1. Can you name every residue in segment A:135-176 that is not aliphatic (A, V, I, L, M) and not in a loop (DSSP other than H, G, I, E, B)?
2. Take the residues of segment A:37-75 that are away from chain B (no Cβ under 14 Å), assigned to a helix (DSSP H, G or I) and in contact with a strand residue (DSSP E or B) (Cβ under 8 Å, 6 or more places away or on another chain): which is farthest from ligand 1 (Cβ to nearest atom)?
3. Might you check whether a residue that is surrounded by fewer than 19 Cβ atoms within 10 Å (Cβ to Cβ) and either within 16 Å of residue B:109 (Cα to Cα) or at pLDDT below 90 (or both) occurs anywhere in segment B:231-238?
4. How about segment A:110-127: which of its residues are within 7 Å of chain B (Cβ to nearest Cβ) and in contact with a helix residue (DSSP H, G or I) (Cβ under 8 Å, 6 or more places away or on another chain)?
5. Identify all residues within segment A:21-43 that are of a type in the set (D, E, K, R) and within 16 Å of ligand 2 (Cβ to nearest atom); write none if there are none.
6. List the pairs whose first member sits in segment B:232-250 and is assigned by TED's automatic domain parsing to the domain that holds residue B:161, whose second member is of a type in the set (Phe, Trp, Tyr), and whose Cβ atoms are under 7 Å apart, counting only residues at least 6 apart or on separate chains?
7. Going by what's in this entry, would residue A:100 be described as in contact with a Pro (Cβ under 9 Å, 6 or more places away or on another chain), within 16 Å of ligand 2 (Cβ to nearest atom) and assigned to a helix (DSSP H, G or I)?
Amino acid sequence: MQSPRVERVTEAVANAGSARPKIEILQVSKQFPAEDPARGLAVSNVSLTVGQNEFVSLLGRSGCGKTTLLNMIAGLVAPTQGQIAIDGKPVRGPGPDRGMVFQSSALFPWLTAIDNIEFGLVNRGVPKVERRRHAQDLISLVQLSGFESKYPRELSGGMQQRVAIARALALDPEILLMDEPFGALDELTRAEMQDELLAIWQKRTKTVVFVTHSISEAIFLSDRVIVMSPHPGRIREQIVIDVPRPRQRASVQFAQFYETIQRAIE
Amino acid sequence: MSDTLGTGSGPDGKAKATVAPGQGECRPSIEAERQPGWAVSRHLRQTGLPLLSVAVILAFWEGAAQLGLFDASTIPPPSRVLSTVWELQTLGFPRGSSLLTHMGSTLGRVAAGYALAAVLGIPLGMLIGRSLRASRMVLPIVTFARSVATLSLLPLAVLWFGVGEESKVFLITYGCFWVLLTNVIDGAKNVDPALIRAALMLDTSPRAMFYRVILPSALPYIFSGLRLALGLGFMVIVGVELIGTSIGLGALISQARTFYRMDLVFAGMVAIALFGLLIALGLSWLERLLLPWARESK
Ligand SMILES: Nc1ncnc2c1ncn2[C@@H]1O[C@H](COP(=O)(O)OP(=O)(O)OP(=O)(O)O)[C@@H](O)[C@H]1O
Ligand SMILES: [Mg+2]
């Protein structure tokens with residue numbers, strides 16, 4: 001039995017292996033204005049390449065810069081140093097090639113669940129009938145049938161998060177950036193949503209960058225787990241999960257990966 | 001005890017029976033509200049109790065006046081106010097100017113000034129609120145203009161616009177405008193940045209950002225500005241009508257005072273209060289209709 005492959009990546013680039021690079025992050029740092037500059041350094045000299053159709057998870061303690069890194073890939077936050085490129089083109093702002101599920105669901109409170117999902121489709125000028133049908137498919141995908149016309153404040157936290165996932169999926173982006181999307185879900189729904197996400201990822205060939213606090217979620221989903229450390233936010237290690245899918249959550253191999261990653265975080 | 005809390009089963013096991021399966025046992029009050037008896041008593045408490053207290057006060061007032069506890073010419077009893085309202089509507093005061101004429105004229109002036117304030121204040125407030133530089137520049141002006149009591153501008157308004165309708169509409173516009181503007185600016189400023197980011201990730205053009213994110217998000221603020229401004233408009237109108245006109249509720253009250261007709265003063269007050277009540281009800285109805293998602297937030 002092979003032991004998990006762990007690579008130490010301090011200054012070197014965390015590489016995507018053989019696949020064509022989709023996202024290239026080159027020596028990127030983000031310094032937020034702060035009285036103590038060391039405290040404001042959310043991301044420090046991070047290099048990471050994500051391959052076409054790769055599923056990469058970011059894992060690490062609270063405050064290690066996962067959200068900040070995701071925001072920079074999204075083009076919502078500009079790096080203070082370094083470069084980020086998508087398909088070889090530098091990121092200058094948000095674009096239709098990227099979709100994001102935020103840590104807080106960030107739904108529009110004045111729109112019902114289904115109207116939230118259709119928000120981007122309206123912007124793209126998709127005709128109403130087609131829009132509705134597409135949104136309805138997504139509603140059943142995230143198991144919210146019957147809640148279409150509820151406002152966000154009438155939904156539970158987990159339901160809101162699922163609406164946010166459907167909203168990001170509606171535009172069918174090549175790159176999905178997901179910030180703890182399943183954090184508010186119960187374990188059963190969470191497992192179901194993980195399966196759904198993998199199905200979408202495999203069917204529609206997407207590149208996914210997935211932030212999570214759950215080690216087992218990262219092992220179950222990812223091709224590669226990037227472990228980050230805080231103060232300043234850095235990539236500490238990367239673990240390649242070279243196990244064919246569907247993966248067994250209770251296998252010995254799974255437990256080995258779990259232990260390796262846990263040690264990497266500490 | 002366990003019956004009211006709905007936790008344990010009562011001695012006869014009935015406490016549990018009222019809770020529908022799957023509803024959970026920790027929300028007995030919600031279950032209870034569905035029972036018709038409870039609903040009736042809640043309805044009574046919501047509309048009946050206020051009516052009751054008003055009726056009690058009126059009864060005491062009437063009784064005290066009939067017993068001669070106070071001078072009916074300075075504090076006319078409700079029955080007298082009521083007959084005066086009738087007299088005012090049929091005979092008019094001054095002769096020929098019925099209550100409805102006064103009310104219509106007051107309403108027209110408030111509506112004109114209010115509409116003008118809304119047409120100016122809402123777009124301007126949205127623009128200012130979205131520009132940091134503009135809101136910094138405008139802040140001292142707004143603070144100053146707001147703290148100028150509108151009625152203290154009366155002499156100036158007369159000087160600029162004469163004693164006709166223009167000066168009255170101007171003063172109402174002035175009073176409504178600044179309150180409204182402040183609220184609209186607040187609304188435009190307080191858009192949750194997370195929503196802007198979410199929209200940016202959903203292919204939102206700058207134009208769509210304004211109409212589909214910033215404006216709806218500011219709507220509750222705009223509404224509360226509209227409500228405050230309307231209240232202020234009715235406060236200002238009474239003072240504004242003190243000069244240069246004999247028609248309008250403010251004019252009615254001031255003329256009634258010079259003739260020492262306190263019953264007429266009270267009748268005018270009742271009419272103004274009626275306006276306020278009706279308009280407040282109308283606005284909250286409109287708000288519920290237009291902002292169903294913001295319900296229960298106030
Ligand atoms: N807008 C900001 N201004 C100043 N500092 C910030 C800002 N955003 C993030 N930071 C700081 O950057 C660091 C990283 O934050 P970030 O939100 O990226 O962490 P995270 O890994 O996503 O944490 P969590 O797991 O709790 O979501 C933190 O120390 C935080 O205080
Ligand atoms: Mg985060």
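The values are calculated or read from the model by the stated rules, or taken from the named source; none is laboratory data. Treat the numbers as computed from the prediction; the structure is a model and nothing was measured. Reconstructed Cβ throughout: ideal geometry from the backbone, glycine too, with neighbour counts over all protein chains shown.
1. Step one: list which residues in segment A:135-176 are not aliphatic (A, V, I, L, M), which gives A:136-137, A:140, A:143, A:145-154, A:156-158, A:160-162, A:167, A:172-174.
Answer for segment A:135-176, where residues must be not aliphatic (A, V, I, L, M) and not in a loop (DSSP other than H, G, I, E, B): A:136, A:137, A:140, A:152, A:153, A:154, A:157, A:158, A:160, A:161, A:162, A:167.
2. Filtering segment A:37-75 down to residues away from chain B (no Cβ under 14 Å) leaves A:37-66, A:69.
Imposing the further condition that a residue be assigned to a helix (DSSP H, G or I) reduces the set to A:37-40, A:66, A:69.
Cutting the leftovers down to in contact with a strand residue (DSSP E or B) (Cβ under 8 Å, 6 or more places away or on another chain) gives us A:37, A:40, A:66, A:69.
Working: A:37: 11, A:40: 6, A:66: 3, A:69: 7 Å.
This residue is A:37.
3. yes
4. Listed by number, the residues that qualify are A:110, A:119, A:120, A:123.
5. The initial filter retains those residues of segment A:21-43 that are of a type in the set (D, E, K, R), namely A:22, A:24, A:30, A:35-36, A:39.
Matches in segment A:21-43: A:30 only.
6. Note: pairs meeting the criteria are B:233/B:114; B:234/B:275.
7. no
Okay, residues lined up against (1) of a type in the set (Asp, Glu); (2) more than 18 Å from residue A:22 (Cβ to Cβ); (3) at pLDDT 95 or above; (4) assigned to a loop (DSSP other than H, G, I, E, B):
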site	(1), (2), (3), (4)
A:195	yes, yes, no, no
A:209	no, no, yes, no
A:216	no, yes, no, no
A:227	no, yes, yes, no
A:231	no, yes, no, yes
A:238	no, no, no, no
A:243	no, yes, no, yes
